[in-house]
Each structure stands twice: as C-alpha cells, then as structure tokens.
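Report on one structure; see the data block that follows.
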C-alpha cells in the first residue's frame, strides 16, 4: 500500500473487552505534518488513555509530490484493509483483530484532515471498498 505507515495507540491496561476504534488523520493542508508531529502525537496518546479506545493514525502520502485525491485514496485503502481484518478476525496485527470492536469505528480530523475524514467516511459508507485482507500495512 505505497509504504503507508500506521501507528497504533493501545491502552496500558484494560478489562480485556473489545474497544472501539478511532482513526485519526493528521492535518496541515495535506502537504506537511506527520505522525510524529508533537501536538498530533500527544492528542492520539491522550485520546487512547481517556476514551478508552484503540487509536490508529495513518501517514498518508503528502502533496505536492502526490496530488489529491492520493491522500483520500490512501486512507480509503487503509479502511479496506481494516474492514478485511474485521470480517476475517485475522490480519496484520493479531492484538487489534482480537481487541478491536470494528462495529464501533470512528474517524477524526481537524482542519484539512476533517475534510479528509469526511471524504473517507463517504467513500467507506458508499460500500464501494474492495476488501483485500492479504495486503500488509
């Protein structure tokens, strides 16, 4: 999937039940920023500890090197992989397959990434995703 990176934030302790999944998109106009941006990293850590939820953040390909809708396509492809993992109960991360309640998956973003979250939600909600559980993150 074009070398996309995904960072997972897990709770330090839990009751062993399944947790909702929150997918967070970093902002900054599709062209700067990354998973490592301190404010975004801190937000994801805090969200994972306070919600409780499994928080996933995706490093999509950035503009100017990659024109839109590349970022939307990358994140929609991630949701295809996530859906495949949810349907089959297996995937790239056994802990996530066992601990994530994929029926409760939420998408978050601020500023430009809110726009990205909207477009990805529309794409995912349309049911037009191809599920390919064999791809790796």
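The values are calculated or read from the model by the stated rules, or taken from the named source; none is laboratory data. Computed from a predicted structure; not experimentally measured. For neighbour counting, all protein chains shown are included, and Cβ atoms are generated from backbone atoms with ideal geometry for every residue, glycine included.
What the table shows:
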quantity: Criterion violated by residue 68 - all others in (1) farther than 16 Å from residue 106 by Cα; (2) modelled with pLDDT of 90 or more satisfied; calculated: (2)
quantity: Subset of the stretch 6-30 (residues that are over 15 Å from the mean Cα position of the chain (by Cα), surrounded by 13 or more Cβ atoms within 10 Å (Cβ to Cβ) and modelled with pLDDT under 85); calculated: 11, 28, 30
quantity: Residues located in the stretch 92-112, provided they are on the phi < 0 side of the Ramachandran plot and modelled with pLDDT under 85; calculated: 92, 93, 94, 95, 96, 97, 98, 110, 112
quantity: In the stretch 95-114, the residues that are assigned to a helix (DSSP H, G or I) and crowded, with 17+ Cβ neighbours inside 10 Å; calculated: 96, 99, 112, 113
quantity: Considering residues of the stretch 115-137 that are under 25 Å from residue 10 (Cβ atoms) and modelled with pLDDT of 80 or more only, the residue surrounded by the fewest Cβ atoms within 10 Å (Cβ to Cβ); calculated: 121
quantity: Selection within the stretch 50-75 - part of a loop (DSSP other than H, G, I, E, B), within 13 Å of the chain's Cα centre (by Cα) and farther than 20 Å from residue 18 by Cβ; calculated: 60
quantity: Flag for residue 80 being modelled with pLDDT of 85 or more and outside any loop (DSSP other than H, G, I, E, B); calculated: no
